[in-house]
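Read the structure below first, then the notes.
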Amino acid sequence: MGNFYCLYLVLLLFCFGFFVNTLSQADSGSDAITAVYIVSLKQAPAAHYFEEQLRRHNHHGHGFHHNSSSSSGRLNRLHKPRNNSRYHPSSGSYISRVHDSLLRRALRGEKYLKLYSYHYLINGFAVLVTPEQANKLSKRREVANVVLDFSVRTATTHTPQFLGLPKGAWSQQGGYETAGEGIVIGFIDTGIDPTHPSFADDISEHSYPVPAHFSGVCEVTREFPSGSCNRKLVGARHFAASAITRGIFNSSQDYASPFDGDGHGTHTASVAAGNHGIPVVVAGHHFGNASGMAPRSHIAVYKALYKSFGGFAADVVAGIDQAAQDGVDIISLSITPNRRPPGIATFFNPIDMALLSAVKAGMFVVQAAGNTGPSPKSMSSFSPWIFTVGAASHDRAYANSIILGNNVTIPGVGLAPGTDTDQMYTLISAVHALCNETILANDMYVGECQDSSNFNEELIQGNLLICSYSIQFVLGLSTIKQALETAKNLSAAGVVFYMDPYVIGFQLNPTPLEIPGIIIPSPDDSKILLQYYNSSLERDGLSRKIVRFGAVASISGGLKANYSITAPKVMYYSARGPDPEDSSLDDADIMKPNLVAPGNLIWAAWSSLGTDSVEFQGESFAMMSGTSMAAPHIAGLAALIKQKFPHFSPAAIASALSTTASLYDKSGGPIMAQRAYANPDVNQSPATPFDMGSGFVNATAALDPGLILDSTYEDYMSFLCGINGSGPVVLNYTGQNCWVYNSTIGSADLNLPSITISRLQQSKTVERTVTNIAGNETYKVGWSAPYGVSVKVTPTRFFIGTGEKQILTIMFNATMNNSVASFGRIGLFGDQGHKLNIPLSVILKFS
């Protein structure tokens with residue numbers, strides 16, 4: 001199998017651990033130990049022979065369309081899961097029947113359970129069988145390989161493992177010690193803490209020269225003294241002129257230097273290019289070792305964002321401009337505008353136009369999509385020359401729980417140790433342990449445990465202290481740290497935070513706690529805790545004073561990571577397409593986001609003076625979530641591509657990342673997208689290209705894309721000049737006259753690795769040109785049409801030599817009037833194992 005599958009299989013290998021025990025127990029008649037195996041077949045995947053099957057069944061032309069009823073396009077839409085759930089064994093899929101037939105022949109009369117049929121990217125299936133049965137399957141001539149599913153992983157910061165880097169992309173580049181070497185990534189962010197070990201240059205024996213093409217310098221200030229830069233951190237400046245002229249710059253908080261007083265910039269830089277193997281120790285607990293995606297790349301910092309006020313476009317543009325002058329290879333922006341740019345098109349704003357110049361100079365530009373999801377058109381990154389990244393989960397979670405004396409277990413969060421396993425501890429509410437009754441009347445927030453002098457130490461010592469988590473915590477007026485200080489001063493065995501009923505739908509990040517503790521984020525679960533506690537109190541019959549605290553509990557602890565969750569999924573906060581073309585919300589013919597990458601609960605370096613997260617203040621690592629964390633994952637992976645293909649244009653890097661992206665989660669089902677802020681795991685449905693772009697990044701496959709879809713600066717200029725009335729604006733920004741571009745193009749005609757049509761008036765034909773960067777190869781073309789549209793692609797088969805180009809012509813016809821966006825895909829399948837996926841999106845359809 002080609003490299004396309006490497007990460008996909010790595011992800012699949014971890015998928016079914018939790019099924020194994022339950023299913024083997026359910027098989028009452030068998031003593032044999034069963035396990036899940038992933039079986040891939042020698043025959044090519046679906047799209048290679050779909051065409052033949054369809055021709056035989058209904059005499060149609062090429063492609064994935066079938067009979068001509070108005071529902072055509074539904075049955076084989078590629079954004080639907082290409083698997084059969086084990087709950088639907090009666091699926092009519094031809095390929096699934098082939099798999100069932102093979103299993104029946106190989107395992108005559110024996111028990112087995114097929115979990116999934118993989119139709120599209122892999123021709124194969126996952127099956128629960130004994131080792132002997134697996135051995136029988138491996139001997140069948142149709143079978144290519146049989147891989148045992150396993151769920152053992154090292155406890156590192158983990159996204160490199162989840163993305164398959166150690167055995168995939170890094171090993172192709174010679175291991176982590178050389179991954180990203182010679183590439184400089186520029187960060188427009190809140191600066192950096194140069195003292196952090198993630199940015200040291202002396203952790204390896206290998207020589208580590210500063211790339212000759214980079215000419216940046218390091219500012220020297222009181223907070224950023226001489227010697228702060230090295231061969232890892234090769235450039236550092238700050239840009240604050242616009243902020244200073246507005247009179248809002250606070251030098252004691254914001255630092256007039258590249259030093260990071262916030263934490264965000266240190267975090268993003270280490271996600272992309274932090275050193276490999278740096279121990280993550282937080283609140284005295286060890287959480288594994290950290291690594292950036294490209295641990296040997298160099299870092300250049302252009303600080304244009306500040307703790308107290310954010311930033312201004314003028315300062316950001318100055319940073320971009322300087323980065324271009326210095327010769328960085330990649331620019332990572334974990335920043336988005338606060339509002340949609342006004343004017344004739346969203347693309348005409350100072351930041352996007354500065355980035356167009358950077359692209360002209362050969363720099364690949366990555367930007368966070370924004371944390372304004374999940375509503376449609378919430379996108380904050382607009383232009384086709386910018387690679388926009390949304391946020392997805394990865395498969396590591398930290399779960400904590402409290403076990404009550406009545407055998408009820410309540411889930412919660414908190415990166416905390418547990419209490420002693422074999423002991424239950426008395427629960428005492430803070431409001432029942434006051435030094436005197438008058439405190440409660442004077443301080444309605446005393447239950448938040450912020451001041452130990454309010455409490456009776458004798459009562460609390462050795463017991464679990466219950467504190468309330470109110471709106472004060474959300475506003476930063478009360479802190480977990482202060483409550484822990486109180487608990488320690490009073491010698492409590494641990495602390496339990498319950499959620500105030502007025503704090504509705506607040507999403508809690510795992511918080512480090514030095515002592516045993518838990519935060520219960522659900523108001524309903526908090527009620528269960530308090531009901532048990534109150535019903536267990538014994539009071540004096542006359543005075544009603546408490547004479548005995550009867551409630552007991554133990555805390556399981558939340559330091560151990562759990563890897564069984566379904567991932568990736570698109571996070572509720574990740575901004576969604578379609579891409580707004582202007583402030584009146586017309587849609588652009590451009591797919592956004594381009595891709596999703598890990599962005600949720602990401603461990604990475606933290607500034608020693610970082611104040612952005614109260615929970616991690618004073619720590620050297622922090623766990624953060626957001627599209628801000630997703631973008632630097634892609635910046636680092638782009639460095640690996642640039643290292644392997646030094647002459648790739650920015651559009652070629654974007655194409656390699658896009659066409660190889662995965663459409664499936666690690667259990668083989670479709671990637672899901674969360675649809676609501678409240679209860680996001682309940683409100684979810686399969687992700688579309690407006691949620692996840694081309695899919696979830698596949699680091700290994702992106703290093704061997706086979707074909708690329710390239711675009712030049714001239715193409716982007718022709719597109720901008722084609723926008724009605726854009727001539728004067730283009731001249732203002734670029735100094736170039738549109739009349740130089742005698743033929744302009746619409747955005748659907750840009751040679752992007754996706755096709756988006758916001759208004760399909762009856763029919764439209766677009767072209768895409770692919771260039772072969774691999775060896776000679778013959779490709780077959782398959783597709784699924786968006787609902788309400790018929791699609792025809794020509795040619796349906798082509799041979800392409802190394803370095804050659806091939807034009808694909810794609811014809812769209814509206815088959816109904818419809819205003820709901822619908823989605824399809826084009827798949828290109830090479831006989832040397834390369835596979836490309838081009839998402840199709842059509843919004844308004846007029847037949």
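Observations
- Note on segment 735-757: residues that are hydroxyl-bearing (Ser, Thr, Tyr) and modelled with pLDDT under 95 total 4.
- Apart from one condition, Gln450 fits all of (1) at pLDDT 90 or above; (2) more than 21 Å from Gln617 (Cβ to Cβ); (3) in a loop (DSSP other than H, G, I, E, B); the exception is (2).
- Condition check for Glu514 on (1) in contact with a helix residue (DSSP H, G or I) (Cβ under 9 Å, 6 or more places away or on another chain); (2) open to solvent by 30 Å² or more (accessible area, probe 1.4 Å); (3) at pLDDT below 85: one failure, at (3).
- Subset of segment 394-429 [among the aliphatic types (A, V, I, L, M) and open to solvent by less than 20 Å² (accessible area, probe 1.4 Å)]: Ile402, Leu404, Ile410, Leu415, Ala416, Leu427, Ile428
- In this structure, Ser607 does satisfy being closer than 29 Å to Thr479 by Cα and touching a strand residue (DSSP E or B) at 6+ places or on another chain (Cβ under 9 Å).
- Checked across segment 626-640, the condition of being farther than 25 Å from Val766 by Cβ and surrounded by fewer than 24 Cβ atoms within 10 Å (Cβ to Cβ) holds for at least one residue.
- Meets criteria (in a loop (DSSP other than H, G, I, E, B) and under 20 Å from Ala304 (Cβ atoms)) for Phe187: no
- Of the helices (runs of 4 or more DSSP H) lying entirely inside segment 193-275, those containing at least 1 residues that are over 30 Å from the mean Cα position of the chain (by Cα) and among the hydroxyl-bearing types (Ser, Thr, Tyr) span 241-245, 251-254.
- Residue list for segment 544-570, filter: touching a Gly at 6+ places or on another chain (Cβ under 9 Å), within 30 Å of Ala369 (Cα to Cα) and open to solvent by less than 10 Å² (accessible area, probe 1.4 Å): Val570
- Long-range neighbours under 7 Å by Cβ, at least six apart or interchain, first residue at negative phi within segment 221-237, second of a type in the set (Ser, Thr, Tyr) and surrounded by 24 or more Cβ atoms within 10 Å (Cβ to Cβ): Glu223/Tyr255; Arg237/Tyr302
- Which numbered condition Ser655 misses (of (1) of a type in the set (Ser, Thr, Tyr); (2) in contact with a helix residue (DSSP H, G or I) (Cβ under 7 Å, 6 or more places away or on another chain); (3) crowded, with 20+ Cβ neighbours inside 10 Å): (2)
- Subset tally (residues that are farther than 16 Å from Met811 by Cβ and among the aliphatic types (A, V, I, L, M)) for segment 753-781: 3
- Residues within segment 291-326 that are open to solvent by 10 Å² or more (accessible area, probe 1.4 Å) and either without any contact (Cβ under 8 Å) to a residue 24 or more places away in the chain or in contact with a strand residue (DSSP E or B) (Cβ under 7 Å, 6 or more places away or on another chain) (or both), tallied: 3
- Criterion violated by Ala236 - all others in (1) touching a Pro at 6+ places or on another chain (Cβ under 8 Å); (2) of a type in the set (Gly, Ala, Ser); (3) more than 24 Å from Lys642 (Cα to Cα) satisfied: (3)
- Segment 589-618, subset more than 20 Å from Arg825 (Cβ to Cβ), part of a loop (DSSP other than H, G, I, E, B) and modelled with pLDDT of 90 or more, residue nearest to the chain's Cα centre (by Cα): Gly599
- Selection count, segment 825-847, where residues are assigned to a strand (DSSP E or B) and open to solvent by 30 Å² or more (accessible area, probe 1.4 Å): 2
- Exactly one residue among Arg105, Arg140 is open to solvent by 70 Å² or more (accessible area, probe 1.4 Å) and either assigned to a strand (DSSP E or B) or modelled with pLDDT of 65 or more (or both), and that residue is Arg105.
The values are calculated or read from the model by the stated rules, or taken from the named source; none is laboratory data. For clarity, every value in this text was computed on a predicted model and none was experimentally measured. Cβ: placed from backbone, ideal geometry, glycine included. Neighbour counts: every protein chain shown. Side chains are part of the model used for accessible areas, which takes the heavy atoms of the whole protein and leaves out ligands, DNA and RNA. Shrake-Rupley method; radii C 1.70, N 1.55, O 1.52, S 1.80 Å.
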